[in-house]
Amino acid sequence: MSVLCNVEGRLVPPDQAVVPVLDRGFLYGDSVYEVVRTYSGRPFELDRHLARMDKTALRIDLTLPPRAVIVRELQRTLEAAGNPESYVRIVITRGAGEFGLSPFLARGQNRLVLIVRPLVAPPEEQYERGLQMAIARTRRNPPQALDPALKTGNYLNNILALREAHEAGADDAILLDLAGRVTEGTTSNVFFVQRGVLVTPPLSLGLLEGVTRALFIEIARTQGLILREEPHGPEALAAADEVFMTSTLREAMPVTSLVFLESHGEQVRKVADGRPGPVAKRLRAAFREYVERTHLRR
Ligand code: PDD
């Protein structure tokens, strides 16, 4: 079991994994990334992650290495790390080139870095307790600025919100858009249940299209649930029958309380009776069956 990095094809332990200080990923967050996890040692939904990375790269005009190279290096690093289950971070920066802001200074010199770590999934006890999510004062950057649909290395918006949450003693943060509508968590998407209907914010508000979000929407529909993508304020979360967050690492994690930071002082509100609800549990079980069907049996 080990943490293993792959810097432009060289497999090295983290303390020897270095990139030049003139790398644009380091200087400007001028990079794209994906987080993938394995189930039974195999990367989960790699195609969807790589498709999202293609989309981001296209939008910021960053040329990626050929997909076959990314997949080959990923497999090689996973095998060498030898973890039972891994967390994988795929990072591609625009490289170094000449010093200066203009992306044209580095054209074509991208840099592929992979970080493979033993997977640390949330403990089951966390699913029983649920999360406390802060409604951050920091707003999600609008799609017309740095579009949150892009998974770039520039995560300061999310970092600022997470900092607020941790200062308030909450586990994580949910960000509102400039109009006060719920968008997403700092590294996860949000769903809630309102009178039996499953609701999640529409992509048009400005949020990342989570691979897990898409899967839960598909699974909810096959389960016969009514799913609506519609905008709501944070009051709808506080009034919901249940709230949960989805991501590669969390699958579907219940939210059992909310901290409103924006009003005068901090206001803590329980979600329903403050215990995880049945829909998140049922959908997570169906998700696990999907994992089993598609990734575990060959
Ligand atoms: N985060 N929203 C944001 C802002 C994210 O960074 C992520 C993923 C998600 C959920 O996406 P997915 O279901 O594809 O994991 C939503 C990863 C896990 C991370 O940065 O660690």
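The values are calculated or read from the model by the stated rules, or taken from the named source; none is laboratory data. Remember, it's a predicted structure, so these values are computed and weren't measured experimentally. Here the Cβ is made from the backbone with ideal geometry for all residues, glycine too, and neighbour counts use every protein chain on show. Only protein heavy atoms, including side chains, enter the accessible area calculation; ligands, DNA and RNA are left aside. Shrake-Rupley method; radii C 1.70, N 1.55, O 1.52, S 1.80 Å.
The table for this structure:
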| quantity | calculated |
| --- | --- |
| Positions within the stretch 259-298 being open to solvent by less than 40 Å² (accessible area, probe 1.4 Å) and hydrophobic (A, V, I, L, M, F, W, C), in sequence order | Val259, Phe260, Leu261, Val271, Val279, Ala280, Leu283, Ala286, Phe287, Val291 |
| Checklist (1) at positive phi; (2) at pLDDT 95 or above applied to Gly97, failing item | (2) |
| Selection status of Arg228, free of Cβ contacts under 8 Å to residues at least 40 places away in the same chain, open to solvent by 20 Å² or more (accessible area, probe 1.4 Å) and within 26 Å of Gln144 (Cβ to Cβ) | yes |
| Filter result for the condition that a residue is free of Cβ contacts under 8 Å to residues at least 24 places away in the same chain, charged (D, E, K, R) and either open to solvent by 10 Å² or more (accessible area, probe 1.4 Å) or over 19 Å from Leu249 (Cα atoms) (or both), over Asp61, Asp54, Asp30 | Asp54 |
| Residues satisfying the stated conditions in the stretch 84-114, i.e. crowded, with 19+ Cβ neighbours inside 10 Å and either closer than 30 Å to Ala280 by Cα or assigned by TED's automatic domain parsing to the domain that holds Ser188 (or both) | Ser86, Tyr87, Val88, Ile90 |
| So Leu198, is it farther than 22 Å from Leu150 by Cβ and either part of a strand (DSSP E or B) or within 16 Å of the ligand (Cβ to nearest atom) (or both) | yes |
| Some residue of the stretch 210-224 being under 21 Å from the mean Cα position of the chain (by Cα), within 16 Å of the ligand (Cβ to nearest atom), closer than 14 Å to Glu184 by Cα and open to solvent by 30 Å² or more (accessible area, probe 1.4 Å) | no |
| Filtered residue count, the stretch 66-83, keeping only those that are within 18 Å of Ala51 (Cα to Cα), open to solvent by less than 30 Å² (accessible area, probe 1.4 Å) and hydrophobic (A, V, I, L, M, F, W, C) | 2 |
| Count of the stretch 12-53 residues which are outside any helix (DSSP H, G or I) and either assigned by TED's automatic domain parsing to the domain that holds Arg250 or of a type in the set (A, V, I, L, M) (or both) | 9 |
| First in the stretch 125-142 and closer than 17 Å to Leu156 by Cβ, second anywhere and open to solvent by 60 Å² or more (accessible area, probe 1.4 Å) and of a type in the set (A, V, I, L, M), Cβ under 6 Å, 6 or more apart | Thr138/Leu160; Arg139/Leu178; Pro142/Leu178 |
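Residues are listed down the side, and each one gets a yes or a no for (1) touching a Gly at 6+ places or on another chain (Cβ under 7 Å); (2) at pLDDT below 95; (3) under 19 Å from Leu208 (Cβ atoms); (4) open to solvent by 10 Å² or more (accessible area, probe 1.4 Å):
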| position | (1), (2), (3), (4) |
| --- | --- |
| Leu160 | no, no, yes, yes |
| Glu164 | no, no, no, yes |
| Glu167 | no, no, no, yes |
| Asp172 | yes, no, yes, no |
| Ala179 | no, no, yes, yes |
| Thr187 | no, no, yes, yes |
